[in-house]
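Just below is one structure, and these are the notes that go with it.
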Amino acid sequence: MIDDLDLAFEERSDKGRHRRGYRKNVGKKKRKGGGGKTAVAFLMALVLLGVLGVGAWYGFDRIQSYFVTADYDGAGTAEKVNIEVKQGASATDIANLMVAADVVKSAKAFIEAADADSRSKNIQPGVYGLHKQMSAKAALAVLVDPKNKIVNGVTVPEGLTMLSTFKKLSEQTKIPVKDFQTAAKNVDSFDIPPFWFERRDGKKVTKSLEGFLFPDTYEMPPKPTAKQILDIMVNRFLTVTGDMKFADTVQAKRGGIAPYEALIVASLAQAEAGNKDDLGKISRVAYNRVYDKDMPLQFDVTLNYGLEVAGKKTKASKDMTDVDYADASNKYNSHYYKGLTPTPIDSPGKDALQGAMDPPAGKWLFFVAIDAQGHSAFAVTDAEHEANKQKAREAGIIN
C-alpha cells in the first residue's frame, strides 16, 4: 500500500514539474489564474490525504482484527438449535459445540464471557435451546439459567431405523409404538414435497417416512400426539436439507440422480460407517458400484434392514450364510438385487447427508473396517481389498 502511494506521489510530482517548466517557458508574461492553480493544488492535497486516510484506516482495521475477539451482536437470528451440555463439560467444550452449531462466532468470545461471569461454573448438564449467531454473552445468559433447560425433550440418535426410532420415542414419551406406526402409514399427510419421492434409476417408488425422521434432540409441546412428534421431525429434516441445499447440489453435481436416491445412499453410509470420517467415502463406493460399474452393493446392512422389516431377527455379518445372500424374498438384499434399496434404511444425520451430497473423489469399490475405532480401508481392486481384509483379521475385526 505504501509503495503504491509513493508511486502515485512521484507521478504527481513529475506532473507538477512539467507544469512548472511550462509556466517557466512562457517568459515574463503576466501569469493569470494564480487562484486556479492554488485551488487545483489544494484539491490534489485533499485527494492525497483522503487516500492516505483510507489506507491508514484499512491498516488500522486489519491490525485491530488481530486484537479484538470475533463475536456476534445481540440475541441472534430466528433459527434455533439445541445444544447438549454433557456432565463435566468445560467452558472450552461448550464453546466448541456452539461454534460448530454457529451459535457463537468464536470459542474465544464464549470463554472470555464465561471467565467474566462466575455463574458459568454452575452450568447444569442438559439440552438448551439457543439461537444461531448470538453474542457470547447472550448465549452464556441462556446456559447459566437452569430454567432454560429443555425438560420435555426427546433425543433420537443418527442411524436408527424407523421402527427403532418409534421404540425410542415411545420410551421417552410413553406413547405406544403402534400410535407412531399408524401415524406414519399415511405418508401423504406429511408436508414432504413430491420431488422427494421421485427416482431416476428405473426403480419403483416406495413411499415411506424412513429417512425423513431427522435425528436430533427436540423440545416437544405438552402432551404431544405421535403425529405431532413425527411432523416436527419431518419438518426438521426439510429445514436441514433446505439449508444445506441438498436437493439442488445433488441434482447439479451427482450426475442427475434424484435427491431421494442420494438420501438412500446417505442412509447406507450412516449404517455402514464406524467413523464419521468415512461417511463420504462410503457414499462414493455406493455411487461407484451402482451407477458406474452396475455392480450389486453387497452391503450386509441392507439385508439386515429387510430382516427387521419382515419381523425377523437381524444377524452379524459373520453369521450370514449363502442362503441369506441368495434370499430373493428379502427386497433389501443388496447381495441379490442390483441397484439401490427400495427406501432409505435409517435416518442419516447431517454428516452423512453431506457425504452423500458431495463425496470425495475416488474410484473405490470396496471397504472394510480395520480397527476398533471403526476406521475403514478402501480399495479399488479385489487384490487391494483382500489385503485390507487381512489387516482387519489381524486386528480381530473380522474372522
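The values are calculated or read from the model by the stated rules, or taken from the named source; none is laboratory data. Note that the structure is predicted; figures quoted are calculated from it, not measured. For neighbour counting, all protein chains shown are included, and Cβ atoms are generated from backbone atoms with ideal geometry for every residue, glycine included. All accessible areas refer to the heavy atoms of the entire protein, side chains included, with ligands and DNA or RNA removed. Shrake-Rupley method; radii C 1.70, N 1.55, O 1.52, S 1.80 Å.
Points to keep in mind about this one:
- Considering MET357, MET295, the condition of being open to solvent by less than 70 Å² (accessible area, probe 1.4 Å), closer than 18 Å to ALA271 by Cβ, aliphatic (A, V, I, L, M) and under 31 Å from the mean Cα position of the chain (by Cα) is satisfied by MET357 alone.
- In the set (1) under 24 Å from PHE367 (Cβ atoms); (2) open to solvent by 20 Å² or more (accessible area, probe 1.4 Å); (3) under 22 Å from the mean Cα position of the chain (by Cα), the condition left unmet by GLY280 is number (2).
- Among (1) open to solvent by 40 Å² or more (accessible area, probe 1.4 Å); (2) polar (S, T, N, Q); (3) part of a helix (DSSP H, G or I), the one test that THR165 misses: (1)
- Within segment 203-222, residues that are polar (S, T, N, Q) have Cβ atoms under 9 Å from residues that are open to solvent by 50 Å² or more (accessible area, probe 1.4 Å) and not in a loop (DSSP other than H, G, I, E, B) in these pairs: THR217/GLU84; THR217/THR155, counting only partners at least 6 apart in sequence or on another chain.
- Residue within segment 345-357 that is of a type outside the set (Ser, Thr, Tyr), out of contact with any Ser or Thr (no Cβ under 9 Å at 6 or more places or on another chain) and farther than 27 Å from PHE166 by Cβ present: no
- Taking the criterion of being polar (S, T, N, Q) and open to solvent by less than 50 Å² (accessible area, probe 1.4 Å), the residues of segment 298-313 that qualify are THR302, ASN304.
- Helices (runs of 4 or more DSSP H) wholly inside segment 308-399 containing at least 2 residues that are at pLDDT below 95: 382-394
- Within segment 233-247, the only residue that satisfies the criterion of being within 15 Å of GLY211 (Cα to Cα) and among the basic types (Lys, Arg) is ARG236.
- Odd one out for ASP102 among (1) in contact (Cβ under 8 Å) with a residue 40 or more places away in the chain; (2) open to solvent by less than 60 Å² (accessible area, probe 1.4 Å): (1)
- Cβ pairs under 7 Å, 6+ apart, first in segment 132-145 and assigned to a loop (DSSP other than H, G, I, E, B), second open to solvent by 30 Å² or more (accessible area, probe 1.4 Å) and charged (D, E, K, R): LYS132/GLU79; LYS132/ASP102; GLN133/ASP102; SER135/ASP71; SER135/ASP73; VAL144/ASP117; VAL144/ARG119
- Search result, residues across segment 136-162 that are buried (at least 18 other Cβ atoms within 10 Å of the Cβ) and hydroxyl-bearing (Ser, Thr, Tyr): THR161
- Residue match in segment 358-369 (condition: touching a residue at least 12 places away in the same chain (Cβ under 8 Å) and more than 30 Å from ALA395 (Cα to Cα)): yes
- Checking every residue in segment 383-397 against the condition of being in contact (Cβ under 8 Å) with a residue 60 or more places away in the chain, more than 28 Å from MET162 (Cα to Cα) and open to solvent by 10 Å² or more (accessible area, probe 1.4 Å) gives zero matches.
- Hits in segment 168-184 (condition: surrounded by fewer than 12 Cβ atoms within 10 Å (Cβ to Cβ) and in a helix (DSSP H, G or I)): GLU171, LYS178
- Residues that are part of a loop (DSSP other than H, G, I, E, B), over 30 Å from LYS338 (Cβ atoms) and open to solvent by 90 Å² or more (accessible area, probe 1.4 Å), drawn from segment 185-224: ASP191, PRO222, LYS223
- Here segment 316-332 is the region considered, the condition is being open to solvent by 40 Å² or more (accessible area, probe 1.4 Å) and of a type in the set (S, T, N, Q), and the residue that is nearest to the chain's Cα centre (by Cα) is SER317.
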